[in-house]
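The next block holds one structure in the form of structure tokens; read it before the comments.
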């Protein structure tokens, strides 16, 4: 068994679960690398073996010191989601190459590389994430380190980004499916993926192999989304198919100019075009029979959502949606922690002191960034001191002082006076349009809430 | 040689103490003396703090997130950062009751000047015309203070408003925005001077551009708002530290002074203070007592002393404060550029605008908003927050703020008095302020003038973004026990000796018979050194 581990991306979605599991394993030390300060940074937290350090895989100065004496590196750090192609390549491909060099210099012997099933999609022309991860795999194979590469399929849990995407498509009154919905998927629960990784580490399985890791059940995209719909509505869904043929080319064309404004990229639709299933011959065999079935997975998630969704989890979800609304980013653990903490300490943010309208606006805004936008516009004019605005202001204050996000607020979006003037005009036009739309949507609700409060006040 | 007790360790108190020690007196400063927190990572720039501190939100926002300003916040435009909270921490004493005035009191070691923005402007003879002293009396002390604390500035068009004294260090480096404004002014100054009466130049600042003693020159880390980590910006604690090395000096912290007690000959005999730690009452005897606790706190001690001697409750009339107006503006030439967070963050430029006379001029400090927290400003933009953030990012390098200061005169309707507690508890200070009848006209005229000058400089001051600060916000309190050549009650002589108690000197803003629009701290320090240098 490896004695000393070094985990990159330890503060990410899979990383957090892995670190939690490793607390109970007999490793000598686990060094957790995060691009930003972790609340337990530089300290041995709660007596466990985990030590958090700050650094960037692309900056050897920030990692080499911590790689000294390490036996095995688990490489989870990656840029996912809607990002620019050059950023994907910079972090995922170049970052991996630099990390491998650092490992080589520090005398690290083993390297567990977490890739993606998307690297084997037939066509990745418009999916820079997949191409960058494939480049990373090649770099790992070409290195002199003993390595194992794992390619997980779609990873699901109540807080996984993919689950939020599926939920948005299927949990509403209609179920939206891109394309025909016949592509095959093999979702895996994050706990099962982490169990595989722990198995590889515990049994020292570093024979320069590649494992494809999926759940124990395959299904089609449409069936999977229909089951999600059924969970929430207990009936068969009305499926709306959005054809891929015009959607993908339109997104490709729009990405060159409006990348930041688009809700998703053409590449992110790839799982609707290509099967995301693990090859049985390359599967990691040991845990296949203990994995959760799709039904168990979905029931577990629903159970968590219905009964186990704590205040903290609700706030985390809220924080993610709001951060996406404000600056098109995802908050890291540091921001989530402070967002939760502030709700404990700042009385202005308490739901118990809020009105019906406040609660309604907050709930709507925390459903989706687009709804946040409408609520933001409406409350700017008609309810400037609404609870949801206070939450946004708190979040903005956290974003502007946090290491992972302050630079987003520092840089101008447009360069030069002419472009800025045009952007300003467009912002004004957009604001007026959204104000009209949001007034139609929320005006009656607002009036009803005010009237209701007035009647209650008179009765009291 | 005399034993002198000074109440308060603010700018005037420490300068008085330093000069009195030089003259051979024994000096004790009695003070509550809240201490500043230790400096965090002094070698890091502002953004490095965000990147490197384990918990940047704790540093920038505070443990209770007190630095976050919500849309319905009662606080002003910008609150004080957590690192400066110690300045306004109040011991367990009854706060003043006020009307028309928002009093701010400090119990910090170093006083309010621990949070000042470092503007040091000597008064000219016109502004001193109501004083029994002139510029010639103060000039040697302006020079002494400039040498001691380090003043940077230069000889430019603003000389018509503030005299040029010796011991000036070169002006600080300007950031791109300030440089752009000054270049535009130089190109168009004949028209700007003629049409608007405005003159622009470098600010005079108590921030050193060259090393001075053990203090290092400003290294432009952009941390001014959170407290200068290298003490390049002078604060009174620098002088206090120097005094502490003197064998004839003692410092008595954690004491809240309530009043002074007299002997049978109507001379002050001892000072009575209460420990803020354990409530213990102490008495300190001395030959001379000096009040430098700030106009309101000194007034309270003075009033309570009179009340305890005679049972009289008197009014100290003539309270003054500078009305301040904050006017955000945009310099379109700088839009869409990357701003430089590693620059000096307080006002680098000052604009003087002549009104009816040079004595009544508008003193405008121009700050180029760069590293201040963005969320208080972003939420004021007329868009949804998402668009406002985007707009702010594009405009940030071209944003600025003019702090317009108006002068004030003593009026009988503005006073401080005492309300004794019926149960024998501590008395309460009452503060009453009514603006001058023509206040509205003055404010409108000031706004018009400044907006016009900004327009000439190629900048826009968007309507609806201005903020007229409440009285009390500038913390330039003055005029309650003014200098007078006539020996009237509740006044002091030209040497700041009380006409009521002959071994009492008052050295804070109380003694100003007129409050010019300029920051008064430099004059307070120079005057304190002057009166400590007189024979007693």
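Throughout, read-outs are computed from the coordinates displayed, never taken from laboratory work. Source: prediction; values computed, not measured. Cβ placement follows ideal geometry from the backbone for every residue including glycine, while neighbour counts extend to all protein chains displayed.
Annotations for the structure displayed:
- Separation between Cα centres of the stretch B:9-38 and the stretch B:382-411, rounded to whole Å: 37 Å
- Packing-based order for A:164-176, B:23-35, using average beta carbon neighbours within 10 Å, highest first: B:23-35, A:164-176
- Between residue A:236 and residue A:347, full extension at 0.36 nm per residue minus the direct alpha carbon distance yields a gain of 35.6 nm.
- FRET efficiency, residue A:314 to residue B:283 (Cβ-Cβ, R0 45 Å, nearest 0.05): 0.15
- Taking the centroid of alpha carbons for each part, the stretch B:438-508 and the stretch B:153-187 are 24 Å apart.
- Helix B:385-395 and the long axis of chain B differ in direction by around 80°, with both axes built from C-alpha atoms.
- Across chain B, the relative contact order, built from alpha-carbon pairs under 8 Å that are at least six residues apart, equals 23 percent.
- Added length on full extension, which subtracts the Cα-Cα distance from 0.36 nm per residue, residue B:488 to residue B:439: 14.7 nm
- Overall form of the protein assembly as shown per C-alpha gyration tensor (a/c, 1.5; a/b vs b/c): prolate
- Cα long-axis angle, helix B:135-145 against chain B (0 to 90 degrees, to the nearest 10): 80 degrees
- FRET E, pair residue A:381, residue A:455, Förster distance 25 Å, beta-carbon r, rounded to 0.05: 0.50
- Rounded, prolate or oblate (a/c below 1.5 giving rounded, otherwise prolate when a/b exceeds b/c) for the stretch A:367-454 by Cα gyration tensor: oblate
- Each of residue A:433 and residue B:214 was given a label point 7 Å from its Cα along the Cα-to-Cβ line. The distance between the two points is 6.3 nm.
- DSSP beta bridges fully contained in the protein assembly as shown are about 50 percent antiparallel.
- Projected label distance in nm at residue A:296 and residue A:282, using a 7 Å step from Cα toward the beta-carbon: 2.5 nm
- Computed FRET value (nearest 0.05) for residue B:269 with residue B:340, which takes r as the C-beta separation and R₀ as 51 Å: 0.30
- Rounded, prolate or oblate (a/c below 1.5 giving rounded, otherwise prolate when a/b exceeds b/c) for the stretch B:38-187 by Cα gyration tensor: oblate
- You can think of it this way: the chain between residue B:467 and residue B:139 has 114.5 nm of extra reach, that is 0.36 nm per residue less the Cα-Cα gap.
- With the simple model of a label 7 Å out from the Cα in the direction of the Cβ, residue A:90 to residue A:28 spans 3.7 nm.
- Across chain A, the mean sequence separation of Cα contacts (distance under 8 Å, 6 or more residues apart), normalised by length, yields a relative contact order of 12 percent.
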